[in-house]
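To keep things clear, I will list the structure first and then write my remarks on it.
The values are calculated or read from the model by the stated rules, or taken from the named source; none is laboratory data. Keep in mind that what you see is a predicted model, and the values were worked out from it rather than measured. Virtual Cβ from ideal backbone geometry, glycine too; neighbours counted across all protein chains shown. Heads up: the accessible areas ignore ligands, DNA and RNA and are worked out on the full protein's heavy atoms, side chains in. Shrake-Rupley method; radii C 1.70, N 1.55, O 1.52, S 1.80 Å.
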Amino acid sequence: MSLLDYFRSTKKNTASTAKERLQIIVAHERNRRNSPDYLPQLERDILAVIRKYVDIADDQVSVSLEKSSDELSVLELNVTFPDDKK
Amino acid sequence: MSDHSFELKGSLFPLSVLYCQDLSAAAVKTQLQQKLAQAPAFFYRAPVVINVESVTQVPDFEAIAQVFKELELVLVGVCGASAEMKKLAQAAGLASLQLSKSKTPAKESKEKEVKTEAAVAAPVMETKVVEQNIRSGQQIYAKGADLVIRGTVGAGAEVIADGNIHIYGTLRGKAIAGAAGDNQKRVFCHKLEAELISIAGSYWLSDSLQGEYWGKSACIGLQDDKLVLADLL
Amino acid sequence: MAKIIVVTSGKGGVGKTTSSAAIGTGIAMRGFKTVIIDFDIGLRNLDLIMGCERRVVYDFVNVINGEANLKQALIKDKRIETLFILPASQTRDKDALSKEGVERILNELAEEFDYIICDSPAGIESGAMMALYFADEAVVVTNPEVSSVRDSDRILGMLSSKSRRAEQGLPGIKEHLLLTRYNPERVVKGEMLSVEDVGEILAIKLLGVIPESQAVLNASNSGQPVILDQDSDAGQAYLDTVARLLGEDVPFRFLNVEKKGLLKRIFGG
């Protein structure tokens, strides 16, 4: 490794940060484009209902739709409950 | 299979329009002779259209056509004709042209004084003063008046006046003076970089305005239908 | 009562969102409670430049339609306490922004905030016209390049005739010129319009000159407004710009060709 390379590597590699951010956000948005319109609201409604019983953060509920075959679609709902510290 | 040797295409040609209250052959002849004396070369074999919009009596088109022939002018047709007038004109072998909604609004205003000579003895004009820069895409029209712009006229902007136009800044857009047909009107500007200048229907593009006055202050007028540039001061 | 500043240009790609993000952040850094609104309809950009793309739940149109309230839609910036972002909708309906709806939200924001920055989309269609309609001041972002200058002139015409202030006969919007992607070397060579050239054609007061800088791409890559990169020329130029916007008298930098030292040549400035 030359002297110059040493100095250069300490500079932030912003292109890879950009790529990571893009991969996440574009995948997320593509997913939304293909899913029915009610999904975001469904997710928020479910969050609101669960919040009546347990205090959870926005990103602990996720709803997604998968087409497993031509006739069958599966609605997947993930809820992560916080550790019960009571 | 199309025959390229014979095509009918739509085109636009500027034509002189004659406004005359009295369309009796004798009156037309006298008026025209006077006008021709001022600039005989320009009017030689010029195509002319007669505006019959405000004419009350039906003119004798055949007689008028004869006058035109004598004076070596080409009478193309009439404009602003009513249905009845149209039929008569066409019977005399004249075309009936559509009065288009042009940027020179004189043709629209019906209460406008009917001209017997090209130089109008106009009523007192109230000057329109605009105290800001005129931006690209904007248009200002001073109807029946002079126009003063205390600012710059940007490229893509248009300032129009029936009277003179004075620009106390740089002219980069279009200035149209004498919009109602008065060829004595002029354009005055502090810095000439215009896209187009027009006086009484004759116009010049920036190419024709290049030379010693480009980028400097100038006064632009019309003389014998030729563009004349002069010092502002 | 908040001051509403629109960042607009007419031409696309000249640096409106970069500037909105930088200026909004700069003003918030001074302690003023600031919100930046993305007025684009359909294409969201401000959230990416600000680095908060993953926290967008509700957007501008959701609030106008009553599907959410402002509190739910506003995203609080993680770096600066007084800075908030209202993201754009991703609808394709160009009539989604109504005058009444936008006015209602701006009024609500004006009660809480000191500065409202409206990031305008490019063009002169409804998003752009809505962004400038309620403005008190305008930052017209221009590149020293022919189509940008002409489009800026057009937008200046709109600002003086199509804004609420113009329609109601109130004192006009205060117009500022922000010249971006300036390259002094090319100006000296006679290849690029100078500050004076652009100023002469547009005839509005110069607010700032942002030099062409690699820092801008790095900033958007990392989701950090470039004004936070205080070592960079662009970052410093934006800091100067914000100071002038707030009324300070700051001399203009980055107008002349810099003599680069050896180290700068190796590592880039």
**Q.** Taking the range C:133-261 and dividing mean pair separation by its residue count, relative contact order in percent (alpha carbons under 8 Å, at least six apart)
**A.** 22
**Q.** Backbone HN-Hα couplings from phi across the range C:195-207 [Karplus 6.51/-1.76/1.60, Hz, Gly and Pro as x]
**A.** 4, 5, 4, 5, x, 5, 6, 8, 6, 10, 5, 6, 9
(Q) Testing the spin-label approximation: label points 7 Å from Cα along Cα→Cβ at A:Ser62 and B:Tyr168. State their distance in nm. (A) 6.8
Q. With a 1.4 Å probe, how much accessible area is buried between chains C and A, both sides summed, in Å² to the nearest hundred?
A. 1400
Q. Within chain C, what percent of beta bridges assigned by DSSP are antiparallel, to the nearest 5?
A. 5
Q. So for the range C:116-178, Kirkwood radius off the Cα pairs, Stokes-Einstein at 10 °C and 1.306 mPa s: how many µm² s⁻¹?
A. 134
Q. Rounded to two decimals, what ratio of Rg to Rh does the range B:128-172 give with C-alpha atoms and a Kirkwood Rh?
A. 0.92
Q) To the nearest 500 deg cm²/dmol, what mean residue ellipticity at 222 nm is calculated for chain C from DSSP H runs of n ≥ 4 alone, each contributing -39,500 (n - 2.57), summed and divided by the residues? A) -11000 deg cm²/dmol
Q. Which whole-percent values make up P(r) of the range A:38-86 when all C-alpha to C-alpha distances are grouped in 10 Å steps starting at zero?
A. 23, 46, 22, 8, 1
Q) Taking amide H positions as placed 1.01 Å from N in the peptide plane, with prolines and chain starts having none, which residues 5 or more places from C:Ile37, or on another chain, fall under 5 Å of its amide H? A) C:Leu86, C:Ile117, C:Cys118, C:Asp119
Q: Determine the residues within the range C:49-74 where the difference in accessible area between the chain on its own and the full set of protein chains amounts to at least 30 Å²; count protein heavy atoms only and use a 1.4 Å probe.
A: C:Glu53, C:Arg54, C:Val57, C:Tyr58
(Q) Before we go on, tell me the buried accessible area for the B/C pair, both chains summed, 1.4 Å probe, in Å² to the nearest 100. (A) 800
Q. Which cross-chain or sequence-distant (5 or more) residues have an amide H under 5 Å from the amide H of B:Ala95, H modelled 1.01 Å from N in plane?
A. B:Gly77, B:Val78
Q: May I ask for the Rg/Rh ratio of the protein assembly as shown, computed from Cα atoms with Rh as the Kirkwood radius, given to two decimals?
A: 1.12
Q | Positive dipole terminus of the protein assembly as shown, leading residue within C:Gly157, B:Val187, C:Pro211 (C-beta point charges) | A | C:Pro211
Q. Which parts of the range C:152-169, residue by residue, lose 20 Å² or more of accessible area when the rest of the protein chains are there, as against the chain isolated (1.4 Å probe)?
A. C:Asp153, C:Arg154, C:Gly157, C:Ser160
Q) Could you give the accessible area per residue of the range A:38-86, probe 1.4 Å, as a whole number in Å²? A) 82
Q: Calculate the radius of gyration of the Cα atoms of chain C to one decimal place, then report Dmax, the largest Cα-Cα distance, as a whole number, both in Å.
A: 18.0, 58
Q) So for the range C:1-145, Kirkwood radius off the Cα pairs, Stokes-Einstein at 4 °C and 1.567 mPa s: how many µm² s⁻¹? A) 88
(Q) Inside 10 Å of the C-beta atoms of C:84-96, what's the mean count of C-beta atoms belonging to other chains? (A) 0
Q: Just the number, please: carbon plus sulfur as a percent of the accessible area of the protein assembly as shown, 1.4 Å probe, no ligands or DNA/RNA counted.
A: 51
Q | Relative contact order [Cα under 8 Å, 6+ residues apart], the range A:30-86, whole percent | A | 28
Q: Rounded to the nearest 0.05, what FRET efficiency do A:Ile25 and A:Asp70 give with R0 = 25 Å and r taken as the Cβ-Cβ distance? Could you check?
A: 0.25
Q: Report Rg (one decimal) and Dmax (nearest whole number) for the range C:115-269, counting Cα atoms only, units Å.
A: 16.7, 58
**Q.** Percent RCO, i.e. relative contact order, over the range C:1-85, from Cα pairs under 8 Å lying at least 6 residues apart
**A.** 30
